Amino acid sequence: MKRDRIAEPWGARTPYGPGEPWPVRVDTYLGEGTSSEQVDRWVQSASVLHSNGDGLDIAVRDGPIVGVRGRADDRVNHGRLGPKDLFGWQANHSRDRLTRPLVRDGGRLVEASWDEAMNRVVARTRQLLAESGPSSIGFYTSGQLFLEEYYTLAVVARGGIGTAHLDGNTRLCTATAAEALKESFGCDGQPGSYTDVDHADVIALYGHNVAETQTVLWSRILDRLAGPHPPAILCVDPRPTPVARAASVHLAPRPGTNVALMNGLLHELIANDWFDPAYVAAHTVGFEDLQAIVQEYPAERAAAICGIEVDDLRSAARLVGKADRLLSTVLQGFYQANQATAAAVQVNNIHLLRGMLGRPGCGVLQMNGQPTAQNTRECGADGDLSGFRNWANPEHVAQLAEIWNIEPSTIPHHSPPTHAMQIFRYAEQGSIGMLWVQATNPAVSLPELARIREVLSRDGLFLVVQDMFLTETASLADVVLPAAAWAEKTGTFTNADRTVHLSEKAVEPPGEARSDLDIFVDFADRMALVDKDGAPLVGWRTPQDAFEAWKRCSADRPCDYSGLSYDVLRGSGGVQWPCTPDHPAGTERLYTDGRFWADPDRCETYGRDLLTGAPVEVTEYRALNPSGKALLKGADYRAPHEQPSDDYPLALLTGRTLYQFHTRTKTGRAPQLQAAAPDVWVEMSADDAQALSLSEGDLAEVTTVRGSVRAQVRLTAIRPGVIFLPFHYGYWDAADPSEPDGAGRAANELTPTEWDAVSKQPLFKSGAARVRKLAAADGRAAPAPTTTASAPLSGDVPATSGGPDAEADEAIRPWSAP
């Protein structure tokens, strides 16, 4: 039976029990008029519109792509594909693809040759280097390029230009994942594996709506739930998501209280002796300090802060405390909320206390939000040093300089790398004179959009945008470079459980569009970037050669690719790093022996204070952790800076929806996906809607101190006092991409520019809003408002600031609303 995969996004069930292999189910979608027999060739790849890394084959017929099918032997998906996998490829054929470079001439973007466009970029780069030095140049990249492209960019930016201003839009979605792993284990890298779903008897999802963000992984969980001896599910989310509806225990805490919740759970574990003292003593440091903090959060106090029932909190603690095999996952409900890193670290603490790492069914997945976010971090195309090296360790800097054959002083390392929000702040202030944006759309995805538009439009900022489409950001650029898309180039990328896939080129890019790798190499050549012997700094020209260069950089580091090659990956179902010549099959789980990458001489970071973000000095770290054990780090709860008030009584959350991805650059151009979620909505409880005389389908205005958005009302069982808007919708009309849509529908018009003290990830789930009715569902205008919803979120928690230290506060203040 053919299924409607929009109406049934997770497909048919294939039940299985604990320890059994997940059954194969091959999903296929071919364009109208094409059958499998008519396909000329199938080309190996994997999905790029989420972080799951579903293996798939691309169908090619008479030149273009005509469909996809899941790879039955892939370790990630066993043949299954989600809606974005099945339909998203159609964006490659969109009629508004960029096919030639554009340059700004007389205030307008006009077509130009590659020589003219690149000469402008190079001339501006050289001018700024001569006048102001490397710190006048910034790069803002993506979570959707290939490994080979990120590594080349890192070499160019760090080793060639010498700038500290390189970060990715991964800062918005998975910076906290990386930081939480580093804080607990000394290094990035997911301890667990997707195969832990096959063995776990309890699966805990913290702020992770896996049903919509990673549909195939949710299919795997659903199949376990449908089989014998299903796992219990713990869901922590203020919204009534599909995960919440399937949960054995659902906790819907007051937004911003995740640390208090986690402290309450940890208190229960310790108080009831639901932990492993032998594992803690042998493999961790910091237990006494953690115990001292969480003892101040008995279940009654934690539940009162979070606004949940104390019996529910205790039930959740019993689940995780008495599980035989516990798998935990974490995503944006923690990462983009108050005290993001501190909360995510407490999830790691549960596993360290219980000794539940490195065994089947026992793992942590601090999830990613984008298909190649892991590579951004590994390769150093964000705030990390290539190969998970430590910026504060001179020996690590010297290692990298030796690999690149440059002087260590060329690599900026005397202060932490610049995070994304600071990059845009420097651009606003004028110290960054050129910003090069690749495969991302900050004019829709960053917080406080009115300000971001002003930054990107500022006189004196030379903006270069490299993309498939003329996005809202590209329309503001001085130079636009047309980029090849997935399936139009070859490269590798790594998913959230460290599985490396090869994506082969299936078709040619349109017009004069080039791969991102070719663009970076061309820039390096035109800039005459050389090593200390005068040889080209970027010595490779093909993706395969770039991969070989990366292997040398990753060797003997946690993300070791030295045992991988294109030949190994070609035809495989994905391989998990570390993969070395001694372990050619890869590594399913990390820390199986209780040994961590936390040794002072090997670790990726010495860590930060979880409340203030202040860096830990090397001498302090050596004294605390001379043997390189895992770290149990606690944190007290601090209330969010911006809380609901009489004027803005509702807590604002933003996030993803199943059928769209990021700013709809691709999914909005796939007809089935766009039709399934064509416009922004505001989700609210029936109680709050009734107080505002709102009904399902009414048009409402959502307002914060920063701006307003118009959205249709959806009524759900979301926690009262909380509203949710998807952030995907910007200012172009999918029905006619050439025509901008001026209606206020970008959720980030509303969000505050505030970031976590540790990970520097923006806190998109921390605003306060009000809602008023504009028109009824039948189109009738609403009368003047007479009331607003009450503020049920205040509870027993005082509305006091108390988050980051003075340094972090100073960083936030200039971005506050006027």
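Details
- 9 Å beta-carbon shell around Val26, net charge (K/R +1, D/E -1): +3
- Two-site label geometry, Val122 and His229: point separation in nm, points 7 Å out along Cα→Cβ: 6.5
- A straight Cα-to-Cα reach below 16 Å connects Lys84 with the lysines Lys666, residues fewer than 8 places away in its own chain not being considered.
- The stretch 206-364: translational diffusion in µm²/s, Stokes-Einstein, Kirkwood Rh over Cα pairs, 37 °C, 0.692 mPa s: 207
- The slack between Val310 and Lys551, meaning 0.36 nm per residue of separation minus the straight C-alpha distance, is 81.7 nm.
- Extension gain for Asp525-Val618 works out to 29.6 nm (0.36 nm per residue, less the C-alpha to C-alpha distance).
- Solvent-accessible area per residue, Å², over the stretch 90-226 with all protein chains present [probe radius 1.4 Å]: 23
- Reach of Lys760 by Cα under 16 Å, taken over lysines that are not fewer than 8 positions away in the same chain: Lys182
- Solvent-accessible area per residue, Å², over the stretch 637-720 with all protein chains present [probe radius 1.4 Å]: 35
- Full-stretch length increase - Ala776, Ala130 - with 0.36 nm per residue and alpha-carbon distance subtracted: 226.6 nm
- Label-point separation, Asp646 to Asp601 (7 Å along Cα→Cβ), nm: 6.4
- Positive minus negative residues near Lys633 (Lys, Arg vs Asp, Glu; Cβ under 10 Å): -2
- The alpha carbons of the stretch 80-143 stretch over 53, 27, 20 Å along the principal axes, in descending order.
- Cα gyration tensor, the stretch 1-144 - rounded (a/c under 1.5), prolate or oblate: prolate
- Using the Cβ of Asn390 as centre and a radius below 10 Å, the other residues enclosed give a net charge of -1, where K and R count +1 and D and E count -1.
- Cα point-scatterer Debye curve for the stretch 452-506, base-10 log of I(q)/I(0) at q = 0.13 Å⁻¹: -0.51
- The stretch 581-670: radius of gyration over Cα atoms, expressed as a fraction of 2.2 N^0.38 Å: 1.77
- Share of carbon and sulfur in the accessible area of the chain stands at 49%, probe radius 1.4 Å.
- Residues listed by number, the stretch 643-660, amide nitrogen under 19 Å from Gln690 label point at 7 Å toward C-beta: 650
- Taking a point 7 Å out from the Cα of Val705 in the direction of its Cβ, the residues of the stretch 751-779 whose backbone N falls within less than 18 Å of it are 751-756, 763-771.
- Rounded to whole Å, the principal axis extents of the Cα atoms in the chain read 69, 67, 60, largest first.
- Förster radius 45 Å - calculated FRET efficiency between His414 and Arg570, Cβ distance, rounded to 0.05: 0.60
- Here the label points at Ser248 and Thr34, each 7 Å from Cα along the C-beta direction, are separated by 4.4 nm in the simple model.
- For the stretch 432-542: rounded, prolate or oblate by the Cα gyration tensor [a/c cutoff 1.5]: oblate
- The mean sequence separation of alpha-carbon pairs under 8 Å and at least six residues apart, normalised by the residue count of the chain, gives a relative contact order of 18 percent.
The values are calculated or read from the model by the stated rules, or taken from the named source; none is laboratory data. In this text the structure is predicted, and so the values were computed from the model without any measurement. For neighbour counting, all protein chains shown are included, and Cβ atoms are generated from backbone atoms with ideal geometry for every residue, glycine included. Note: accessible area is taken over every heavy atom of the protein model, side chains too, but ligands, DNA and RNA are not part of it. Shrake-Rupley method; radii C 1.70, N 1.55, O 1.52, S 1.80 Å.
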